[in-house]
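The numbers here are math on the coordinates, done by the rules we state, and not lab data. Just so it is clear, the structure is predicted and the values come from calculations on it, not from any experiment. Note that each Cβ is placed from the backbone with ideal geometry, even for glycine, and that neighbours are counted across all protein chains shown.
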Amino acid sequence: MNELSILIRTEWLLLTRGQTLRWLLGLLAGAGLYAIFYGQTEVRRQRETMASISRDEQARAGTLRSALTLDTTLAGNAKKWELARDPYRADMEGYRFAIHPPGPITAFSLGQRDLFPTYQGVTAGSLLRQLDPTELANPQKLLIGNFDLAFVLIYLLPLFIIALSYNLLSAETEAGTLPLLRSQPVGLGRVLAAKLLLRLGLVLGAVVLLIGLATLLTGATDAELLAQWLAVSVAYTLFWFGVVGLVITFQGSSAVNAMVLLGAWLVLVLVTPALVQQVLALTQPAPDYQGLQSQIREVFTKRPPKAENVQKYYQHHPELAGSDTMNADRYLMMSFYARNEVLDRQFTPRMVQLDEQGRRYATLVESLTGLMPAVNAQELFNRLAGTDEASRQDYLTQVSAFHERWKAFIIPRKFRGQPMTEADYAQLPRFTFVPIAPPGIGAGIGWLLLGAGLLGGLGIFRFNRQPLP
Amino acid sequence: MLSLIAHNERRSVVRDRRFRLLTALVWGLLLTACFVGFSRYQSLKAQREAATRDVRQQWLGQGPRNPHSAAHYGTYAFRPQSDLSFVEFGVDSFVGTTVYLEGHRQNEARYSTAQSAGTLIRFGELTAALVLQLLLPLLIIFLCFNSFTKELESNTLGLLLSQGASMRQLALGKAWGYGQVIALIALPAVLLTGGLLGLGSDAQLTTDTLLRAACLLLFFGLYYAGFLLVSVWVSARSRSSATALTVLLGFWLVTFILIPKATANLGATLYEAPTRFAFTKALHDDEKQGIDGHNPEDERVKALETKVLAQYGVDSLSQLPISFEGLSLQEGEKYTSMVYNRHFGALQTVFQRQNRVTDFAGLVSPYLAVRNLSMGLAGSDYRQAVAFQQQAEAYRFRMVEYLNNYLRYHAKPGDRKYKVAADFWQQIPDFHYQSATVGSVLGHYAPAIAALLLWAVLGLGLLYRLPEPGQTNPAPTPAV
């Protein structure tokens, strides 16, 4: 048995006989279990909403479809039958939702899914006028944030690490056992290494247990995502051990260490992100979506003559030119669709510009992640959970493509005066979200490991340069 | 005796290099927070004032138009930034800044800061409130955790007590000394806030704003006093500095980080809010039960027509002295407004219930109590976001009602081309938001005020009942 393992065993006995470890583990386990339960509750609610949306879609399309089989000789049926044949009705009453389903481990990090909508009803009208900017949410709840596994790992785990190791060296000094320790034939460096390694092992064990528990309780099966999640957690843990390692080499008293480490936690987890947010908000003007809506309103409430609208539409859709039968009523709805499409064509570039402006913000934040390990870890967790900004942009791009498909189904039928058939109702376009492989997490993990290496290395350097008096 | 102990304590703290460093840090943060908070407040305020002016110009410049078309065109209401919001952003960044006011429907406030700020905003925003509520208590802990244990550890406690001072006197004296130190640290924040307030509110400091600021000062005072007294008590009852510090930091962690997050999440689980899908569906289902003023074929419009014809004793709409269209549109508006108010009201109630859980958690976590009060007094809590939405809705209803009634009494029956003159639009006044009175804020947050009072009294009571070493020796240690 080598020296190191004897040291670790002794330290293990010391730790497990004290009260502190039990308390800390209990607190972490309690918080972890609640976080898993909460994340799962939220995701279950999201799935239930999606199921009720599907039922609603089927019911609406079903009503229209069965109206086509009604016996039109009976009073009242003729009108229902006539309406169901109208592609405009199929659009307004048979519309479908584009759903952004939760990913395999969304419950681990709910990210922005409480703020932004995860489903969108799509009709052939203007998309810009349809998009819901946000989900209904309690602002105070949004302010506080979600108590999910990512929160436990990003906020609480570092505190757990700090509480376990802030008095690594100082406890010996204060108990007067340091001279005893130094009189042993083992170098103090080895003793410290053993103490740190044991604690690292303990924390990593707790992390693996938490993730394992979350996997079991949520029934997540995607091994690759879980492994990546674990990798991020390990890198973040190492980063914090780097911080602890550096601080204890300053050989302050337990109280000073606790103060400095808690200060580091405050600066890295709370203050820096909050300060950067304020500075960015000040220097990067928020995209003026309200101004755009106001412009859209100006255009949309001015109604050029119907024929003019339709003629403009034909310029972009020559294949439909002349397909109309000049039926007055039909012309009304044709003009409606034409007007809506003109609106989208006119303002989508501006919308793209505004979205770009928002993304610049995200790029700036990304360029600072090296300095903000907590934000870095949160972004990585969100990416894996499919709850980050990139995943939402993917979804919105797919919503836009679906809107085009839906329009291509409805509008030509309306223009040509082609009635909807039962087969048409069966073939209404459907939206399926195709998750795009998330961008790599290598760079983010690299930053965390670099931080861990630099801090830890500096600690070792300092320790070797100026050993204890 | 008391002031002697206080004086001694104050002097030893102020001489401490570590303490000076911490104070400099807190001051630096406060200064930064006030500066960025105030700059953002000013830029947001300027943006919204400009937008309000633009929108008013658009409204006035509509030109000749049918009054009901103007209801469809609508206008926008912007949520103004309250004078004190630069100290405490509250929920402001997560609430929409503008409501579109149009006929037939009530819209919710849209376009919040959070929407285009990415994940970063979920880490919070650095404001003076964050420093004062979250970080200053930590400073108090570091100031007080060894107030007694250091005497114990250097064997000076017995010496002090032998001078004739009682534990109570000693504890109160120390607390008094630390209180002076904390006041000294917080003073620049107060002066700075006062100065910026004077700058920010267009040189007209209203008594209302001053009253709010005074209340904030009082509540923060109670909050710090409680924290200080309890910290000194923990130190007096601990065997070692390490124990005292662990207990106090544990308390900070649980009541500042865990409880706020846990209770907000618990509230959301207990009182389930509808999703937008469920909300919209329920709303539209109810809306369909009402009169559709735009559809003459609507059965309810037909019924109204029969009723109105009978009332005026004529047999066709063209013989009516009023425009039936205006009448039926307003009937429809009344119904939809009722439906929207009911659904939005129910939703807001669910959210307020969720927040109530947090309000009561203030009894355990003084941080929550002071945070809720400070959001309320700064005018940036959820309640005032709702008040804005409700006032905007009341304005919208009056505006649409005026337009529909104008159509009813001025348009000739059946005249679908009716237009009002270009100068008509001034008849509708601009929207002005009336912020909640200090009294109503204090009334709503009575539990929080009670919690802060209790907290301070508890601290004082604990120190008063501090046993003399002779009575219970050795002092029992709180469990770690």
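Among the listed pairs A:K141/B:K261; A:K312/A:K407; A:K312/A:K414; A:K312/B:K417; A:K79/A:K306, those with a Cα-Cα distance over 19 Å are A:K312/B:K417; A:K79/A:K306.
Neighbours of A:Q120, meaning other residues whose beta-carbon lies under 12 angstrom from its beta-carbon, give a summed charge of +1 when Lys and Arg score +1 and Asp and Glu score -1.
If you wrap chain A in the convex hull of its Cα atoms and look at it from every side, the mean projected area works out to 28.8 nm². The GluC sites (Glu not before Pro) found in region B:253-328 that occupy coil by DSSP, while having at most 10 further C-beta atoms within 10 Å, are B:E297.
Mean sequence separation of contacting Cα pairs (under 8 Å, at least six apart), scaled by the length of region A:339-456, corresponds to a relative contact order of 34 percent.
By the count of neighbouring beta-carbon atoms within 10 Å, fewest first, A:S170, A:S165, B:S162, A:S400 end up ordered B:S162, A:S400, A:S170, A:S165. With angles folded into 0 to 90 degrees, how steeply does helix A:272-283 sit against the dominant principal axis of chain A? Use alpha carbons for both and round to 10. Around 40 degrees separate the two axes. For the protein assembly as shown, what is the percent of antiparallel DSSP beta bridges, rounded to the nearest 5? The answer is about 100 percent antiparallel. In summary, the helical segments of chain B meeting the span-like criteria, namely a full DSSP H run, a Cα extent along the axis of 15 angstrom or more and a mean Kyte-Doolittle hydropathy of at least 1.0, are B:167-200, B:207-236, B:241-252, B:446-464. Based on Cα contacts under 8 Å between residues 6+ apart, region B:74-119 shows a relative contact order of 38 percent.
Calculated translational diffusion coefficient of the protein assembly as shown (37 °C, 0.692 mPa s; Stokes-Einstein with Kirkwood radius over alpha-carbon pairs) equals 104 µm²/s. Annotation for region B:92-121: chymotrypsin sites (Phe, Trp or Tyr not before Pro) lying in DSSP loop with at most 13 further Cβ atoms inside 10 Å of their Cβ do not exist. The mean number of partner chain beta-carbon atoms within 10 angstrom of a residue's beta-carbon across peptide A:118-128 is 1.
Sum -39500 (n - 2.57) across every DSSP H segment of at least 4 residues in the protein assembly as shown, then divide by the residue count to get the 222 nm mean residue ellipticity, nearest 500.
-22000 deg cm²/dmol
Counting charges near B:S235 (Lys, Arg +1; Asp, Glu -1) among other residues having Cβ under 9 Å from its Cβ returns a value of +3. Shown for B:M338, A:M351, A:M420, B:M399: other C-beta atoms within 10 Å of each C-beta, ranked fewest to most, produce the order B:M338, A:M351, B:M399, A:M420. Taking a ≥ b ≥ c as the square roots of the eigenvalues of the Cα gyration tensor of region A:345-469, is the shape rounded (a/c under 1.5), prolate (a/b larger than b/c) or oblate? Judged from the Cα gyration tensor, region A:345-469 comes out prolate (a/c at least 1.5, a/b above b/c). Among the chymotrypsin sites (Phe, Trp or Tyr not before Pro) in region B:37-78, none is located in a DSSP loop while being surrounded by at most 13 other Cβ atoms within 10 Å of its own Cβ.
What is chain B by shape, rounded, prolate or oblate, if you read a ≥ b ≥ c off the alpha carbon gyration tensor as root eigenvalues and call it rounded for a/c under 1.5, prolate for a/b larger than b/c, and oblate otherwise? Mind showing how you got there, number by number?
Values: a/c = 3.74, a/b = 2.66, b/c = 1.41.
Since a/c reaches 1.5 and a/b is larger than b/c, the shape of chain B is classed as prolate.
Local charge for B:Q354 was computed over the other residues whose Cβ lies under 12 Å away, with Lys and Arg +1 and Asp and Glu -1, and equals +1. Taking trypsin sites (Lys or Arg not before Pro) in DSSP loop conformation with at most 16 other Cβ atoms inside 10 Å as exposed sites, chain B has its longest uninterrupted site-free stretch at B:1-238.
By the count of neighbouring beta-carbon atoms within 10 Å, fewest first, B:C34, B:C144, B:C215 end up ordered B:C215, B:C34, B:C144. Each Cα pair under 8 Å and six or more residues apart adds its sequence gap; the mean of these over the residue count of chain A is a relative contact order of 27 percent.
For the segment B:266-277, counting C-beta atoms of other chains within 10 Å of every residue's C-beta and taking the mean gives 6.
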